[in-house]
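A.B. asks: Handing you a structure now.
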Amino acid sequence: MTELRIEGLSERFGTYLALDDVSITIPNGKFVCLLGPSGCGKTTLLRLIAGLETPSEGRILVGGTDLSAVPSHKRGMGMVFQSLALFPHLDVAENIAYPLAIRGADRATRQAKAAHLLDLVKLPGMGGRRIHQLSGGQRQRVAIARGLAIDPKVFLLDEPLSALDAGLREHMQIELRQIQQSLGVTTVVVTQDQKEALTMADLVIVMKDGKVQQAGTPMEIYHAPANTLVADFIGNTTLLPCTC
């Protein structure tokens, strides 16, 4: 079971407290969205989970194992960056198989895995194309396939759909959710889009000022916001003074 548990996580950049004593538990196989405005700490949290930053305080546990001091490449996590970071000098199949190549997998294994993942993201037969020959949505699918190449324990995505137009974005939300459900991989997505989070997630974690304001199902977040910050961010609200 790949439960992801964050315990008392804080991150400081000089005197700036980017993340303030965050504790959350993400059950195995769930699709989770970290939701909040720019600067709320959600990307910092994702980078700490991935091992791209070292926490000032706290622990990160996956399946009960403390990974706080484990290097990023040994954590067994896949990641899709906001910029996608695909390699233009490699073809599609080589991009997907790159994480396996740097781990020493043989050519046959890499080719078989790339072909399987291309089928999974609905790009069969496109392994020989160059990145510049792909549309935005196709590039997004390649980035997702590359993140899944190592069969990650946890799959992390930093605003993966933000550069897509509205129609394609909605389509990719469905595609990403279907892929996650078919694999059953614990998935954490950073987003600023309320509709995106409420549409895709099993669990939504709303953040502001480096703190978790509320964690719950989309229905809980929408119908029973924990405070005015959550209520104001999630949708159009009319806040009335309490007379009780």
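The values are calculated or read from the model by the stated rules, or taken from the named source; none is laboratory data. These numbers were taken from a predicted model, which means no experiment stands behind them. Here Cβ is always computed from backbone atoms with ideal geometry, including for glycine, and neighbour counts include all displayed protein chains. Heavy atoms of the whole protein, side chains included, go into the accessibility calculation; ligands, DNA and RNA do not. Shrake-Rupley method; radii C 1.70, N 1.55, O 1.52, S 1.80 Å.
A.B. asks: Could you check, for region 141-163, whether at least one of its residues is modelled with pLDDT under 95 and more than 18 Å from the chain's Cα centre (by Cα)?
C.D. replies: The answer is no; no qualifying residue exists.
A.B. asks: Could I ask something else about it? Out of ALA145, ALA201, I need the residue that is touching a Pro at 6+ places or on another chain (Cβ under 7 Å) and open to solvent by less than 40 Å² (accessible area, probe 1.4 Å). Which one?
C.D. replies: Result: ALA201 is the single residue among ALA145, ALA201 that is touching a Pro at 6+ places or on another chain (Cβ under 7 Å) and open to solvent by less than 40 Å² (accessible area, probe 1.4 Å).
A.B. asks: Quick one: GLY58 ticks every box in (1) touching a strand residue (DSSP E or B) at 6+ places or on another chain (Cβ under 6 Å); (2) within 29 Å of LEU164 (Cα to Cα); (3) not charged (D, E, K, R) bar one, so which box is it?
C.D. replies: The single condition GLY58 does not satisfy is (2).
A.B. asks: If you don't mind, another one. Listed residues ALA163, ALA197, ALA215; which is more than 17 Å from VAL32 (Cβ to Cβ) and in contact (Cβ under 8 Å) with a residue 12 or more places away in the chain?
C.D. replies: Values: ALA197 fails: more than 17 Å from VAL32 (Cβ to Cβ); ALA215 fails: more than 17 Å from VAL32 (Cβ to Cβ).
Every option except ALA163 fails the conditions.
A.B. asks: State the number of residues belonging to region 1-53 that are of a type in the set (D, E, K, R), under 14 Å from the mean Cα position of the chain (by Cα) and not in a loop (DSSP other than H, G, I, E, B).
C.D. replies: Of the residues in that region, 2 qualify.
A.B. asks: Quick check on SER56: is it among the hydroxyl-bearing types (Ser, Thr, Tyr) and either touching a Pro at 6+ places or on another chain (Cβ under 7 Å) or under 22 Å from GLN180 (Cα atoms) (or both)?
C.D. replies: Criteria not met by SER56.
A.B. asks: Any idea which of ASP151, ASP193, ASP209 is acidic (Asp, Glu), open to solvent by 40 Å² or more (accessible area, probe 1.4 Å), closer than 25 Å to ASN95 by Cβ and touching a Leu at 6+ places or on another chain (Cβ under 9 Å)? Steps first, answer last, please.
C.D. replies: Values: ASP193 fails: closer than 25 Å to ASN95 by Cβ; ASP209 fails: closer than 25 Å to ASN95 by Cβ.
ASP151 is the lone residue from the list that is acidic (Asp, Glu), open to solvent by 40 Å² or more (accessible area, probe 1.4 Å), closer than 25 Å to ASN95 by Cβ and touching a Leu at 6+ places or on another chain (Cβ under 9 Å).
A.B. asks: Here is a check on your reading of the model: is GLY39 surrounded by fewer than 14 Cβ atoms within 10 Å (Cβ to Cβ) and more than 23 Å from ASP193 (Cα to Cα)?
C.D. replies: So GLY39 does not fit the description; no.
A.B. asks: Surrounded by 13 or more Cβ atoms within 10 Å (Cβ to Cβ), closer than 30 Å to THR25 by Cα and touching a residue at least 60 places away in the same chain (Cβ under 8 Å) - does that describe any residue in region 107-130?
C.D. replies: Yes - at least one qualifying residue is present in region 107-130.
A.B. asks: Let me ask something additional. Among residues belonging to region 60-69 that are assigned to a loop (DSSP other than H, G, I, E, B) and free of Cβ contacts under 8 Å to residues at least 24 places away in the same chain, point out the one that is surrounded by the fewest Cβ atoms within 10 Å (Cβ to Cβ).
C.D. replies: Among those residues, the one meeting the criterion is ALA69.
A.B. asks: Scan (1) touching a Lys or Arg at 6+ places or on another chain (Cβ under 9 Å); (2) assigned to a helix (DSSP H, G or I) for the single condition LEU123 breaks and write down its number.
C.D. replies: (2)
A.B. asks: Go through (1) under 17 Å from the mean Cα position of the chain (by Cα); (2) within 23 Å of GLU3 (Cβ to Cβ); (3) in contact (Cβ under 8 Å) with a residue 24 or more places away in the chain and name the single condition GLU57 misses.
C.D. replies: (1)
A.B. asks: Another question, if that's okay. Between a residue in region 70-99 that is more than 16 Å from GLY137 (Cα to Cα) and in contact (Cβ under 8 Å) with a residue 60 or more places away in the chain and any residue that is β-branched (Val, Ile, Thr) and open to solvent by less than 20 Å² (accessible area, probe 1.4 Å), which pairs come within a Cβ distance under 7 Å, given they are 6 or more apart or on different chains?
C.D. replies: MET77/VAL154
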